[in-house]
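The values are calculated or read from the model by the stated rules, or taken from the named source; none is laboratory data. Since we're looking at a predicted model, the values are computed, not measured. Here the Cβ is made from the backbone with ideal geometry for all residues, glycine too, and neighbour counts use every protein chain on show. All accessible areas refer to the heavy atoms of the entire protein, side chains included, with ligands and DNA or RNA removed. Shrake-Rupley method; radii C 1.70, N 1.55, O 1.52, S 1.80 Å.
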Amino acid sequence: MTSIYRPFAGALNDTEIPMSEAQERAAKAQNEAGMLRRGRAEPSNIAVPRTLEWAFKLPRDVQPQELIRSFGRVANLLAASWDDAEATVACLHELLVDTRGCRRGFPPNVTNELLALQTYYALYRK
């Protein structure tokens, strides 16, 4: 009997054709590679509706359009922490200051948007 969860591997009348050692090693390596891919899910980099609503409520000159377009995951994080002053200040600091010494940083237009958000938050959100 063949499984619905595995591709047909040459079974004939409920008897399987034995694989060579090389085929078994290749199948094992392919299975391990598949498990690694499944184990390392990429976080979504798309801004969620709540983030878009948050950005729309901001003054037009502060709305982080390029951040949302290019780094939706980061925009989601900022939107989620926006009502918590301590978390927002810490988040903006982490995004703008390289505390590890090895980050490439954001493109200039995204950095400018983050700086504008930081200034706006410091002046008007207290």
Quiz item: How do the pairs read when you match residues in region 34-60 that are closer than 19 Å to Phe71 by Cβ and β-branched (Val, Ile, Thr) with residues anywhere that are at pLDDT 90 or above and open to solvent by less than 80 Å² (accessible area, probe 1.4 Å), using Cβ under 7 Å and keeping only pairs 6 or more apart or on different chains?
Solution: Ile46/Gly72; Val48/Asn76; Thr51/Ile68; Thr51/Ala75; Thr51/Asn76; Thr51/Ala79
Quiz item: Given the conditions (1) in a helix (DSSP H, G or I); (2) surrounded by 11 or more Cβ atoms within 10 Å (Cβ to Cβ); (3) not hydrophobic (A, V, I, L, M, F, W, C), and given that Asn45 satisfies all but one, which numbered condition is not satisfied?
Solution: (1)
Self-check item: Of all residues in region 59-114 being of a type in the set (D, E, K, R) and closer than 16 Å to Ile46 by Cα, the one that is most open to solvent (accessible area, probe 1.4 Å)
Solution: Arg69
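To keep it simple, each residue is scored yes or no on (1) among the acidic types (Asp, Glu); (2) part of a helix (DSSP H, G or I).
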position	(1), (2)
Glu66	yes, yes
Ala75	no, yes
Ala80	no, yes
Val89	no, yes
Leu95	no, yes
Asp98	yes, no
Cys102	no, no
Gly105	no, no
Quiz item: Could you list, in sequence order, the residues of region 1-29 that are surrounded by fewer than 10 Cβ atoms within 10 Å (Cβ to Cβ) and at pLDDT 70 or above?
Solution: Pro18, Ser20, Glu21, Ala22
